[in-house]
Amino acid sequence: MPHLPFNTTPSPSSSPKTAAKTAPSPPSIVLHPASGSASKKELYKSSDDMAAAYRKRYAQYLAATFNMSLEAAMVEADTQLAPRRCSDVSEAETFRER
């Protein structure tokens with residue numbers, strides 16, 4: 001087993017005499033939840049809430065990328081993400097008719 005920089009005990013291959021005397025210590029890495037982490041209730045949001053959050057994030061992206069105001073980016077996001085109107089003919093059928 002190679003010696004890793006965060007391991008405080010020597011590896012068994014490098015010094016078998018000391019490794020036999022001491023038991024390996026448990027990993028010292030401990031994970032804690034973030035202070036602002038989402039609760040389980042937030043994981044089960046409605047699809048409307050998820051769509052609104054996506055629109056807001058997309059508008060923030062547009063505003064930052066294209067150096068525009070957030071209000072203008074929200075209008076652009078609403079325009080781009082608006083539902084498409086239904087058509088009687090599919091796109092594939094229009095190409096077949098030509």
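For segment 42-76, state which GluC sites (Glu not before Pro) are in a DSSP loop and have at most 13 other beta carbons lying within 10 Å of their beta carbon.
Qualifying residues, ordered by number: none.
May I ask you to sort MET74, MET50 by Cβ crowding, counting other Cβ atoms within 10 Å and putting the fewest first?
MET50, MET74
Bear in mind these aren't lab numbers, they're just calculated from the coordinates by the rules spelled out. Just so it is clear, the structure is predicted and the values come from calculations on it, not from any experiment. Cβ: placed from backbone, ideal geometry, glycine included. Neighbour counts: every protein chain shown.
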